[in-house]
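Peer 1: Got a structure for you, written out below as structure tokens; questions coming shortly.
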Amino acid sequence: MPDNEFLGVLALTWQAAVMLGLGGLLIYLGIAKQVEPVLLVPIGAGVILANIPLGGLTEPGGLLAVLRAAGIETELFPLLIFIGVGAMIDFGSLLERPYTVFLGAAAQFGIFGTFFLAYFLGDGGLRLFDFSFKDAVSIGIIGSADGPTSIYVATVLGSKYAASIVVAAYSYMALVPIIQPPIMRALTTDAERRLTMPARARGVSRRTRVLFPVVTIVVVGLIAPKATPLIGTLMFGNLLRESGVLERLSQAAQNEMTNIVTILLGLTVGGMMSAADFLRPETIMIYVMGVVAFAAGTAAGLVFGKVMYVASGKRINPLIGAAGISAFPMCARVVQKVGLEANPHNHLIMHAAGANTAGQIASVVAGGAALALVPFFA
Amino acid sequence: MLHATWFVLAGMGIVFLTLGLLVLVMSGLNRWFGPGPQTKQTKKPRNA
């Protein structure tokens, strides 16, 4: 057996060394800086495992290759995660304030606006980067601020940048408290930010809570059938939560299942980050696009919030529009914080939570819409 | 880029259409199955 097949260090390239450093950085950020540790630590470990020369984990039959084939290429992992997410979300704030759905819808411009820019920089215009139509759609999905949807759409479309897109989506979710406030202050006046809204609402009956997930599956499924796997698993998880008779299953979905799948998903995504795929200019541009996507989604939600502010006779605080992107519950907390800065008596959290959960549904619909439309336009 | 523009418009159109329907559904659910009227709290007798 030649030495370079026995000693990994002899087969170590500078690209693999950079990737090992990157894996270490992700683990450092997760543990020392507590940036999304639940994901960044498994992803960082996966990067290291995948880039150890001669380790064989990403070769056919290797652990990471098996996990990728079983959980990512079949879209199983993101859908299982969605069952857990659905079981964690309380849609009560949204059901009490149905109008906040439109803020979630508007914020999805982050997806489509970023797609447009990515495609313009790629095959559609300047050709500065190797971005095909499908790659551009997958990059735009970072704007959904929704990890499982990003994985699902990028995988179904077969984007070669799936791993970078997923890492960008999860990284920026942790940066929401840094990205959003300057945009919120720039696009709203002090008088708008000070506007108080009633914290209490009429309440929602149990029957409504139980019917909502079932009806949502039917409505979204009939309009955007490609979104059915995502909305179906999300709402199934929510049905477990709201049924009132499946507490054990709801807890299992929220905890055991989500935790196990998160470990496997993180490792697998990290394992997809090989030096050859990751160390290219396109990856850097995908990270830039991630900021654009989050910023555009936030701005679109705020602008629509301002429209509602005017249309409602100045009764809706436009800040809640920023919660339309689906990074839950970070966006709602950021809105509450910025609102309180402007007016110490301004408690927007319940309204923002409505927009935030609406954003969760809207991002799934947007992902489904994108998947349905790609064959007609690509 | 024209087809990309149409893609954006169609995508946002589907999102607003679907979620608009969802608003109708939620309003309907709240109207038909909303919480009943709050029962008026009876005053406790002062010396209770």
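Peer 1: Answer yes if at least one residue in segment A:89-105 is touching a residue at least 40 places away in the same chain (Cβ under 8 Å), surrounded by fewer than 24 Cβ atoms within 10 Å (Cβ to Cβ), in a helix (DSSP H, G or I) and among the basic types (Lys, Arg), and no otherwise.
Peer 2: There is no residue in segment A:89-105 that is touching a residue at least 40 places away in the same chain (Cβ under 8 Å), surrounded by fewer than 24 Cβ atoms within 10 Å (Cβ to Cβ), in a helix (DSSP H, G or I) and among the basic types (Lys, Arg).
Peer 1: Separate question: Restricting to segment A:57-113, name every residue that is closer than 24 Å to A:Ala293 by Cα, of a type outside the set (A, V, I, L, M, F, W, C) and at the interface with chain B (Cβ under 8 Å from one of its Cβ atoms).
Peer 2: A:Tyr99, A:Gly104, A:Gln108, A:Gly113
Peer 1: Right, here's the next one. Which one of A:Gly203, A:Gly221 is farther than 24 Å from A:Ile81 by Cβ, of a type outside the set (D, E, K, R) and within 12 Å of another protein chain (Cβ to nearest Cβ)?
Peer 2: Every option except A:Gly203 fails the conditions.
Peer 1: Has segment A:166-174 got at least one residue that is without any contact (Cβ under 8 Å) to a residue 40 or more places away in the chain and either surrounded by 18 or more Cβ atoms within 10 Å (Cβ to Cβ) or away from every other protein chain (no Cβ under 14 Å) (or both)?
Peer 2: Checking segment A:166-174: not a single residue is without any contact (Cβ under 8 Å) to a residue 40 or more places away in the chain and either surrounded by 18 or more Cβ atoms within 10 Å (Cβ to Cβ) or away from every other protein chain (no Cβ under 14 Å) (or both).
Peer 1: Give the residue that is nearest to the chain's Cα centre (by Cα), with candidates limited to residues of segment A:212-236 that are under 12 Å from A:Phe91 (Cα atoms) and not aromatic (Phe, Trp, Tyr).
Peer 2: A:Leu234
Peer 1: Can you go through A:Arg202, A:Arg207 and tell me which one is charged (D, E, K, R), without any contact (Cβ under 8 Å) to a residue 12 or more places away in the chain, surrounded by fewer than 18 Cβ atoms within 10 Å (Cβ to Cβ) and within 27 Å of A:Leu95 (Cβ to Cβ)?
Peer 2: Being charged (D, E, K, R), without any contact (Cβ under 8 Å) to a residue 12 or more places away in the chain, surrounded by fewer than 18 Cβ atoms within 10 Å (Cβ to Cβ) and within 27 Å of A:Leu95 (Cβ to Cβ) holds for just one of A:Arg202, A:Arg207, which is A:Arg207.
Peer 1: For segment A:300-332, give me the residue count where each residue is in contact (Cβ under 8 Å) with a residue 60 or more places away in the chain, more than 22 Å from the chain's Cα centre (by Cα) and part of a helix (DSSP H, G or I).
Peer 2: Total meeting the criteria: 4.
Peer 1: Any idea how many residues of segment A:28-42 are without any contact (Cβ under 8 Å) to a residue 60 or more places away in the chain and under 19 Å from A:Leu264 (Cα atoms)?
Peer 2: Number of matching residues: 3.
Peer 1: How many residues does segment A:58-88 contain that are in contact with a helix residue (DSSP H, G or I) (Cβ under 7 Å, 6 or more places away or on another chain) and not in a helix (DSSP H, G or I)?
Peer 2: Residues meeting the conditions: 4.
Peer 1: Further, regarding this structure: Which one of these does A:Thr268 not meet: (1) surrounded by fewer than 23 Cβ atoms within 10 Å (Cβ to Cβ); (2) touching a Lys or Arg at 6+ places or on another chain (Cβ under 8 Å)?
Peer 2: In the conditions (1) surrounded by fewer than 23 Cβ atoms within 10 Å (Cβ to Cβ); (2) touching a Lys or Arg at 6+ places or on another chain (Cβ under 8 Å), A:Thr268 misses (1) alone.
Peer 1: Filtering segment A:114-165 down to residues that are β-branched (Val, Ile, Thr) and farther than 19 Å from A:Gly297 by Cβ, which residue is nearest to the other protein chains (Cβ to nearest Cβ)? Spell out the reasoning first.
Peer 2: Taking segment A:114-165 first, the residues β-branched (Val, Ile, Thr) are A:114, A:137, A:139, A:141-142, A:149, A:151, A:153, A:155-156, A:165.
Right, trim to farther than 19 Å from A:Gly297 by Cβ and you get A:155-156.
On the way: A:Thr155: 19, A:Val156: 15 Å.
Checking each candidate, the answer is A:Val156.
Peer 1: Go through segment A:336-354 and report how many residues are over 18 Å from A:Tyr99 (Cα atoms) and outside any loop (DSSP other than H, G, I, E, B).
Peer 2: 7
Since every read-out is calculated from the coordinates, none of them should be taken as a lab result. Predicted, not measured: the structure shown is a model, and the values here were computed from it. Neighbour counts are summed over all protein chains in view; Cβ atoms, including those assigned to glycine, are modelled from backbone coordinates with ideal geometry.
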